[in-house]
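Worksheet for the structure shown next.
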Amino acid sequence: MNMYTKASPLAAELAAHTGRFTDKAFDWDAFPSNSGYPELARAQMRYVGAGGSPKVGDTSTLKADNFTVSLIYKEPGRFAACHSHEIEESFLIIDGTLVVGWEKDGEVCEINLGPRDMILNAREIGHGFRVDGVEPVLMSISVDVGKPLPPVYHYHPKEHDTELARRFGAKPGETIKYDPNGDHPLQQLMRNYVIRYSEQPTIWEEAGFTRKVYVGEGGLTHDTCRKEMWGIPSRCGLKPFVRAVEDAFLVLEGSLKMGWEENGETVEVELGPRDLVKTPAGRRHWIRNDGVEAATVWHVIGSSDKDDVKYQAA
């Protein structure tokens, strides 16, 4: 006999705050400005909010409060036209290598980012990206406001020569290569917004897991959302903790259990690669790795303010 047990309201709420990679699909029409320009083609998978796409009515996407989270897939040879936002926007590279260019007054500085590197694109600074490598790029984009304004385009193939747009507005041979020790104003500005995974210190918490801070104390210091890369060994777990703002865990590698607690009831869900849970402000939650391999997790917290959360081993 098949038995069916109705999920509790808390379990149903946790399920509703879970974004499953296998339940989603990449949207090749997420950005209408790319329509008719195959060189701009890219696909978006939305987890939290629309992430800069005008498709704000997507019912499969979790409601955004202080940040959005989405995946972007871009094939070799394609680029994104140079544009700017009123708020910070981060690119975290998951697979492949990505060239990101910043433009100001017709000058362009370019940087090449690899897996787990991140750039936090500055407010009102023109930026675009291009895949020059031989493999596609998969990255996570997070815009640090729930409902960002439409982007302002600086160099789009609709209005500019395609090769100029591909270089984000730089004249041939005049692109500036990123150098953190360089003296060009764009180099000096960009170095305050770039995190190299291999150069970022690893923090071992007493609870038995690691953190690399990308945005927040110990990383880039900005009045935006905090972002961290966590490494959670097998059989490591945390006791419940609570934040004053929402947070999200996106699993990059391995598996992770996310649990919620309310009024003595506990529920949990297991996440695999590219699954995400967004936990609302004020909800007690915890994580645990029951898998045989370590989990790598991208953690986004909806405020730049430091909180008093103390991580304790379960």
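Could you work out the helix-only [θ] at 222 nm for the chain, with each DSSP H run of four or more residues adding -39,500 (n - 2.57) and the total divided by the number of residues, to the nearest 500 deg cm²/dmol? Don't skip to the answer; put the middle values down first.
Working: 3 runs with 19 residues, N = 314.
Here the helix-only value at 222 nm equals -1500 deg cm²/dmol.
With r as the distance between the Cβ atoms of Ala12 and Glu107 and R0 = 45 Å, compute the FRET efficiency 1/(1 + (r/R0)^6) and round to 0.05.
0.30
Would you tell me the accessible area of Trp28, worked out with a 1.4 angstrom probe on the heavy atoms of the protein chains, in Å² to the nearest 10?
130 Å²
Evaluate the range 54-183: find the radius of gyration of its Cα atoms, find its Kirkwood radius, and give the ratio Rg to Rh.
Rounded to two decimals, Rg/Rh equals 0.96.
For the range 44-73 and the range 276-307, what is the separation of their C-alpha centers, rounded to whole Å?
With the range 44-73 and the range 276-307 each reduced to a Cα centre, they are spaced 18 Å.
On the principal axes of its Cα set, how long, how wide and how thick is the range 112-223? Give whole Å, largest value first.
On the principal axes, the range 112-223 reaches 55, 35, 31 Å in Cα extent.
Going down the table (Lys74/Lys310; Lys74/Lys104; Lys24/Lys310), which pairs top 31 Å between alpha carbons?
Pairs exceeding 31 Å: Lys74/Lys310; Lys24/Lys310.
Return the aspartates and glutamates within reach of Lys257: Cα separation strictly under 17 angstrom, same-chain partners fewer than 8 residues apart disregarded; answer none if there are no such residues.
Those aspartates and glutamates meeting the cut-off are Glu13, Asp247, Glu265, Glu268, Glu270, Asp275, Asp290, Glu293.
Rolling a 1.4 angstrom probe over the protein chains, ignoring ligands and nucleic acids, what is the accessible area of Lys63 in square angstrom, nearest 10?
Accessible area of Lys63: about 140 Å².
Return the FRET efficiency for the residue pair Asp27, Asp95: r is the Cβ-Cβ distance, R0 is 30 Å, and the value is rounded to the nearest 0.05.
Plugging the Cβ-Cβ distance into 1/(1 + (r/R0)^6) gives 0.95.
What does the accessible area per residue of the range 114-209 come to in Å², with a 1.4 Å probe and no ligands, DNA or RNA counted?
Working: 5150 Å² over 96 residues.
Spelled out: the 1.4 Å probe surface of the range 114-209, per residue, equals 54 Å².
Rounded, prolate or oblate, given the Cα gyration tensor of the chain, with a/c below 1.5 counting as rounded? Let's see the in-between values first.
On the way: a/c = 2.12, a/b = 1.61, b/c = 1.32.
Verdict is prolate for the chain.
For the range 255-314, just list the percent of Cα-Cα distances falling in each 10 Å bin from zero outward, please.
Over the range 255-314, the share of Cα pairs per 10 Å bin runs 17, 51, 30, 2 percent.
How long is the gain from Ala281 to Glu75 if the chain were fully straight, where each residue apart is worth 0.36 nm and the alpha carbon distance is subtracted? Before the final figure, lay out each step's value.
Working: separation 206, 0.36 × 206 = 74.16 nm, distance 3.67 nm.
Full-extension gain reported as 70.5 nm.
With a 1.4 Å probe and all protein chains left in place, how much of the accessible area of the chain comes from carbon and sulfur atoms, in whole percent?
So the carbon and sulfur contribution to the accessible surface is 49 percent.
Could you quote the convex hull projected area for the range 214-258, Cα atoms only and averaged over all directions, in nm²?
Averaged projected area of the range 214-258's Cα convex hull equals 4.1 nm².
What is the range 1-122 by shape, rounded, prolate or oblate, if you read a ≥ b ≥ c off the alpha carbon gyration tensor as root eigenvalues and call it rounded for a/c under 1.5, prolate for a/b larger than b/c, and oblate otherwise?
Because a/c hits 1.5 or more and a/b exceeds b/c, the range 1-122 counts as prolate.
Can you give the convex hull volume of the alpha carbon atoms of the range 170-290 per residue, in Å³?
Working: hull volume 18.3 nm³, N = 121.
Given the Cα convex hull of the range 170-290, per-residue volume reads 151 Å³.
Determine the relative contact order of the range 146-285: mean sequence separation of Cα pairs under 8 Å and six or more apart, normalised by residue count, in whole percent.
Over the range 146-285, the number comes to 14 percent.
Show His154, His83 ordered by accessible area, largest first, where the area counts protein heavy atoms only and the probe is 1.4 Å. Write down the numbers at each step before the final one.
Values: His154 50, His83 15 Å².
Largest accessible area first, the list is His154, His83.
The values are calculated or read from the model by the stated rules, or taken from the named source; none is laboratory data. Only a predicted model underlies this, so the values are computations on that prediction, with no experimental measurement involved. For neighbour counting, all protein chains shown are included, and Cβ atoms are generated from backbone atoms with ideal geometry for every residue, glycine included. Accessible surface is based on the protein model in full, side chains and every heavy atom, while ligands, DNA and RNA are left aside. Shrake-Rupley method; radii C 1.70, N 1.55, O 1.52, S 1.80 Å.
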